[in-house]
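S.K.: Pasting a structure here, questions to come.
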Amino acid sequence: MTVYQKLIDVVQKKGAGYLVLLDPDECSREDCVSLARDCEANGVDALLIGGSILFSVQLDELVKAIKEVISIPVILFPGNGRQLSKYADGILFLSLISGRNPNYLIGEQVLSAPIIQALGLEPISTGYILIESGKTTTVEFMSNTRPLPREKPEIAMAHALAAEYFGMKLVYLECGSGAELTVPEEIIRSLRKALSIPIMVGGGIRTPETALLKVKAGASFIVTGNILENGYSPSLIQSFAQAIHHQGKEKFKSI
Ligand code: 1GP
């Protein structure tokens, strides 16, 4: 089964999926491996690995070490076309469609596509959309693009629909790691109405309650990063997973 199919299965069974982002620049290899273990044990459906810059050079070793201890999918979430590892199960093949910087629309992708093929990584074609989140985020600065206005859901919807018409498999609505504000529910609702592909939402989500609001608005996947980076309790991971999986549970109860 492909990684994408595994993600779709999660949505079908649980209503929505919980993904945790590990940024190798933000935690040591030991900490990342033990977080990965705790994630799997407490209901996380897949891991994303990547960062805006990636100063650490041992991505391969890190992904390999994580793969040795968990069986949920490990998916690369690259800040640029050089963040690749043959040990991952797949890669979000991103195009930053909210921006107008050709390098992040197609340039990095052209450079990395042949390498992704040679490494045998499954690419998951993803329309990556930045939404304004209160202040300049790293991804906004590094990509040299402007995020979409948060008060205009129709603009985000038109971008997402274009992604679906291009044949992309997923739309990722992103406020940026550590964002002050999260993706507004109005935007998620407007995309949910117009699209048939799944919507991933991340950036600034710090509580299970916020995650639940995004799922109720129509998010298929929630991503958290920062909140688990500097000390966490496994019960927090579990609370996120329970909130995000609530629809699956309700379905299960009614059978
Ligand atoms: C960033 O959406 C992810 O790409 C996660 O954001 O670190 O703010 O949870 P946070």
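The values are calculated or read from the model by the stated rules, or taken from the named source; none is laboratory data. No experiment lies behind these values; they were computed from the predicted model shown. Here the Cβ positions follow ideal geometry from the backbone for every residue, glycine too, while neighbour counts run over all protein chains shown. Note: accessible area is taken over every heavy atom of the protein model, side chains too, but ligands, DNA and RNA are not part of it. Shrake-Rupley method; radii C 1.70, N 1.55, O 1.52, S 1.80 Å.
S.K.: If every alpha-carbon in the chain counts as one equal scatterer, what log10 I(q)/I(0) does Debye give at q = 0.13, 0.15, 0.17 1/Å?
M.R.: Log10 I(q)/I(0), no solvent term: -0.76, -1.05, -1.41.
S.K.: Label segment 110-255 by shape, choosing from rounded, prolate and oblate, from the square roots a ≥ b ≥ c of the eigenvalues of the Cα gyration tensor; if a/c is under 1.5 it is rounded, and otherwise prolate applies when a/b is larger than b/c, oblate when it is not.
M.R.: Numbers: a/c = 1.29, a/b = 1.26, b/c = 1.02.
Rounded is the answer for segment 110-255, as its axis ratio a/c remains below 1.5.
S.K.: First compute the accessible area of the chain with a 1.4 Å probe, then give the percent of it belonging to carbon and sulfur atoms.
M.R.: On the way: 6360 of 11630 Å².
Accessible surface attributable to carbon and sulfur in the chain totals 55 percent.
S.K.: For the chain, with only Lys/Arg (+1) and Asp/Glu (-1) charged at the beta-carbon, what is the dipole magnitude about the Cα centre, in debye rounded to 20?
M.R.: 760
S.K.: Could you give the accessible area per residue of the chain, probe 1.4 Å, as a whole number in Å²?
M.R.: 46
S.K.: Now a separate question. For segment 3-11, in order, what is each residue's ³J(HN,Hα) by Karplus, 6.51 cos²θ - 1.76 cosθ + 1.60 with θ = phi - 60°, in whole Hz (x at glycine and Pro)?
M.R.: Values, residue by residue: 4, 4, 5, 4, 5, 5, 4, 4, 4 Hz.
S.K.: In terms of Cα to Cα distance under 15 Å, which aspartates and glutamates are near enough to Lys13, apart from those fewer than 8 places away along the same chain?
M.R.: Those aspartates and glutamates meeting the cut-off are Asp45, Glu250.
S.K.: Which of the pairs Lys135/Lys169; Lys14/Lys135; Lys86/Lys216 have their Cα atoms more than 31 Å apart in this structure?
M.R.: From the list (Lys135/Lys169; Lys14/Lys135; Lys86/Lys216), the Cα-Cα distance tops 31 Å for Lys14/Lys135; Lys86/Lys216.
S.K.: Tell me which of Gln58, Tyr18, Leu92 sits at the most positive position along the dipole axis of segment 1-122, charges placed on C-beta atoms (Lys, Arg +1; Asp, Glu -1).
M.R.: Positive-end residue among those listed: Leu92.
S.K.: Just to be sure I understand the model, the point goes 7 Å from the Cα along the line to the Cβ. What's the resulting Asp9 to Glu154 distance in nm?
M.R.: That separation, rounded to one decimal, is 4.2 nm.
S.K.: With each label point set 7 Å from Cα along the Cα-Cβ vector, what nm distance links Asn226 and Val110?
M.R.: A separation of 3.5 nm, rounded to one decimal place.
S.K.: Defining a contact as two alpha carbons under 8 Å apart and six or more residues distant in sequence, what relative contact order in percent does segment 18-248 show?
M.R.: 18
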